[in-house]
1. Could you check region C:1-83 for helices (runs of 4 or more DSSP H) lying wholly inside it with 2 or more residues that are farther than 30 Å from B:Ala125 by Cα?
2. Looking at (1) open to solvent by 40 Å² or more (accessible area, probe 1.4 Å); (2) farther than 15 Å from B:Ile72 by Cα, which is the only condition C:Thr33 fails?
3. Hey, among the residues in region C:84-99 that are outside any helix (DSSP H, G or I), of a type outside the set (A, V, I, L, M) and within 8 Å of chain B (Cβ to nearest Cβ), which one's surrounded by the most Cβ atoms within 10 Å (Cβ to Cβ)?
4. Using beta carbons and a limit of 9 Å, which pairs, at least six apart or on different chains, have the first residue in region B:55-81 and under 14 Å from B:Leu134 (Cα atoms) and of a type in the set (A, V, I, L, M) and the second one modelled with pLDDT of 85 or more and open to solvent by 80 Å² or more (accessible area, probe 1.4 Å)?
5. Suppose the filter is over 14 Å from the mean Cα position of the chain (by Cα) and of a type in the set (S, T, N, Q); does A:Thr38 pass it?
6. Cβ-Cβ distance below 6 Å, separation of 6 or more or different chains: which pairs start in region B:111-128 with a residue that is without any contact (Cβ under 8 Å) to a residue 60 or more places away in the chain and end on one that is assigned to a loop (DSSP other than H, G, I, E, B)?
Amino acid sequence: MFIAATIAIIIAMVLALMRALLGPTIYDRVLAVNLFGTKALLLIAVMGFLTDRPEFLDIALVYALINFIATIAIMKFFRFAHLGHPHQGDNLGDL
Amino acid sequence: MFRKLGLAVALFALWLLLSGIYQPLLISFGIASSLLVAWIAHRMDVADHEGFPIHLGVKAVTYWPWLVWEIIKANIDVALIIIKPNLQITPTMFYSNASQKTEVGQVTYANSITLTPGTISVGVADGTVEVHALTTSSADEVIGGRMDKRVCQMEGDN
Amino acid sequence: MFLDVLSWILILSGGVFGVISAIGVLRMPDIYTRMHAASIADTIALGLMCGGMMLQAGWTIVTIKLILILVFIFFASPTTTHALAKAAIAGGIKPILHEDRRKKVSDKTSNKGKGEKS
């Protein structure tokens, strides 16, 4: 039954990857990559149960953190073309 | 000071949960690292009432189940819209009043809007939230102000 | 046995919701509506699957780790979505709108705000 869940997640991952390839704007691609990361997290957790090795959940936890930070960093990089400085000037605010 | 110590204790509890190996040497490493992180948080000035809102306490606990129930209802609505062959979407943008007193309350309100599928908060400024809604009915739901009232209740009088 | 069946139902419905959200991301016409579809995966698909796996694991450290993942995603996902939406707006991408109520309501709220201040 975990196999059925794995297959469902992989189908969803393929669909998200298609949006990442098709996506007309950069924001579509980032959204698709974020969705892909969430699915990959679920896949890692389910694989841990499938192979009966609960250590996989630690990797899933770290993957969640990396996925979040990666999305924010990519958005900030495309917005300001820089990762270092905080936003300054007009009231657009930090991302 | 109470907040910083609370942060250190919470970090250490998290460390104990995740580590799973309980030997004196490793536990002392855990204590040292959680104290170090608490000190860094103190230096960065992020362990204030926004970064570590323990004062919300019990009221937050009653807010979460209500929010989860709202999320489940909204999820089913959006899923039905997606699987119907003709996409019946009526995207709407509007401003909603966030009548919370503190910034933590307003952020909680905006995040609750975003977490509920069907509505996304696009910008927050001066007590108004700019919202993008998938359908006009989900927009009406937010304008109705049930969630706003609920967050105000959670925020309480402190 | 009952818990087993319940956990399978939860995991499979989580998978179904995950596939639905991916289909939604493919089908929706513009970036903002796609975000609504993507937030299904972040909330209910993850919640249902983690719930099912918790029932399989029982009261162990695995359950605690799953709860941690769930809590973290519940805090991180709105932040990501909001940052993405704000960046898209700032990047000049116009949403496809059926109805734009921003003008009407903003007039009202700005008047109200002035009244309260004075």
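1. Working: elements: C:2-27, C:31-40, C:46-57.
Of the helices (runs of 4 or more DSSP H) lying wholly inside region C:1-83, those with at least 2 residues that are farther than 30 Å from B:Ala125 by Cα span C:2-27, C:46-57.
2. (1)
3. Start the filter on region C:84-99 by keeping residues that are outside any helix (DSSP H, G or I), which leaves C:91-99.
From what is left, the residues that are of a type outside the set (A, V, I, L, M) are C:91-92, C:94-95, C:98-99.
Next, from what is left, pick out any that are within 8 Å of chain B (Cβ to nearest Cβ): C:95, C:98-99.
On the way: C:Pro95: 18, C:His98: 14, C:Glu99: 12.
The qualifying residue surrounded by the most Cβ atoms within 10 Å (Cβ to Cβ) is C:Pro95.
4. B:Ala79/C:Val16
5. Working: over 14 Å from the mean Cα position of the chain (by Cα): no; of a type in the set (S, T, N, Q): yes.
Against the criterion (over 14 Å from the mean Cα position of the chain (by Cα) and of a type in the set (S, T, N, Q)), A:Thr38 does not qualify.
6. Matching pairs, first to second residue: B:Gly118/B:Leu134; B:Gly127/B:Ala98.
Residue-wise test of (1) out of contact with any helix residue (DSSP H, G or I) (no Cβ under 6 Å at 6 or more places or on another chain); (2) outside any strand (DSSP E or B).
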site	(1), (2)
B:Val68	yes, yes
B:Ile76	yes, yes
B:Ala79	no, yes
B:Pro85	yes, yes
B:Gln100	no, yes
B:Val104	yes, yes
B:Ala110	yes, yes
B:Ile113	yes, yes
B:Val122	no, no
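The values are calculated or read from the model by the stated rules, or taken from the named source; none is laboratory data. Note that the coordinates shown come from a computational prediction; the quantities given were computed from them, not determined experimentally. Every residue, glycine among them, receives a Cβ derived from its backbone with ideal geometry; neighbour counts consider all protein chains shown. Ligands, DNA and RNA are stripped out before the accessible areas are found, and what is left, the full protein with its side chains, is counted by its heavy atoms. Shrake-Rupley method; radii C 1.70, N 1.55, O 1.52, S 1.80 Å.
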